[in-house]
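Read the structure below first, then the notes.
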Amino acid sequence: MERTLSIIKPDGVEKNVIGEVLSRFEKNGLRVVALKRIQLSKSDAEGFYAVHKERPFFGSLTDFMSRGPIVVQVLEGDNAIAKNREIMGATNPEEAAEGTIRKDFATNIEENTVHGSDSPESADFEIKYFFNALEITG
Ligand code: ADP
Ligand code: MG
């Protein structure tokens, strides 16, 4: 069993597809073991995306991530990190495979509906960024 951090980004909440996105995780064998709907401040978003602070899109990305509510969840299952990345699809929706969340819902490479941890180390950091131990139930 593995855990990963997933976010429905502001564009996903605006598009009113929270249930649809969560349903895709469940249909693919992942369980939601923690969940909340919150809004990040600009500095919360900068802290979360600190690994990208040198990238040219950092300012725009953190504006986007703080412009409206998000839904953050911990997903659990076999190979949850890789499985979630597969369900999400490529970063750029133009390159995302048919049937993936980003192919079906993303607006563009920035407003791409979902976030998913990309390694065990990032999953550990990202889960702790949003949830304490009492908020995650197996
Ligand atoms: P992923 O979310 O697929 O792991 P990255 O970690 O490379 O992708 O980037 C983090 C987020 O930054 C992306 O999901 C997207 O919202 C945004 N992003 C990535 N590349 C670009 C880009 N070239 N222009 C604007 N935003 C981008
Ligand atoms: Mg990433």
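The values are calculated or read from the model by the stated rules, or taken from the named source; none is laboratory data. Remember, it's a predicted structure, so these values are computed and weren't measured experimentally. FYI the Cβ positions are ideal-geometry reconstructions off the backbone, even for glycines, and counts take in every protein chain you see. The protein model used for the area step is the full one, side chains on, heavy atoms only, and it has no ligands, DNA or RNA in it. Shrake-Rupley method; radii C 1.70, N 1.55, O 1.52, S 1.80 Å.
Quick notes
- Pairs with Cβ under 8 Å, 6+ apart, first in region 43-66 and open to solvent by less than 20 Å² (accessible area, probe 1.4 Å), second in a helix (DSSP H, G or I) and hydroxyl-bearing (Ser, Thr, Tyr): Ala45/Thr62; Phe48/Tyr129; Tyr49/Thr62
- Candidates in region 20-34 are the residues that are basic (Lys, Arg) and over 22 Å from Glu135 (Cβ atoms); of these, the one that is surrounded by the most Cβ atoms within 10 Å (Cβ to Cβ) is Arg24.
- Across region 93-120, the number of residues qualifying as part of a helix (DSSP H, G or I) and open to solvent by 30 Å² or more (accessible area, probe 1.4 Å) comes to 6.
- Annotation note: of Arg85, Arg55, the sole residue that is touching a helix residue (DSSP H, G or I) at 6+ places or on another chain (Cβ under 9 Å), within 15 Å of ligand 2 (Cβ to nearest atom) and among the charged types (D, E, K, R) is Arg55.
- When residues of region 35-72 are limited to those that are in a loop (DSSP other than H, G, I, E, B) and basic (Lys, Arg), the one farthest from Phe130 (Cα to Cα): Arg55
- Members of region 107-120 found to be aliphatic (A, V, I, L, M) and away from ligand 2 (no atom under 14 Å from the Cβ), listed by number: none
- Criterion violated by Gly138 - all others in (1) at pLDDT 95 or above; (2) exposed (fewer than 14 other Cβ atoms within 10 Å of the Cβ); (3) out of contact with any helix residue (DSSP H, G or I) (no Cβ under 7 Å at 6 or more places or on another chain) satisfied: (1)
- Any hit, region 1-19, residues being over 20 Å from Ser122 (Cβ atoms), open to solvent by 10 Å² or more (accessible area, probe 1.4 Å), modelled with pLDDT of 95 or more and in contact with a Phe, Trp or Tyr (Cβ under 9 Å, 6 or more places away or on another chain): yes
- Scan region 121-135 for residues that are away from ligand 2 (no atom under 14 Å from the Cβ) and surrounded by fewer than 17 Cβ atoms within 10 Å (Cβ to Cβ) and the total you get is 6.
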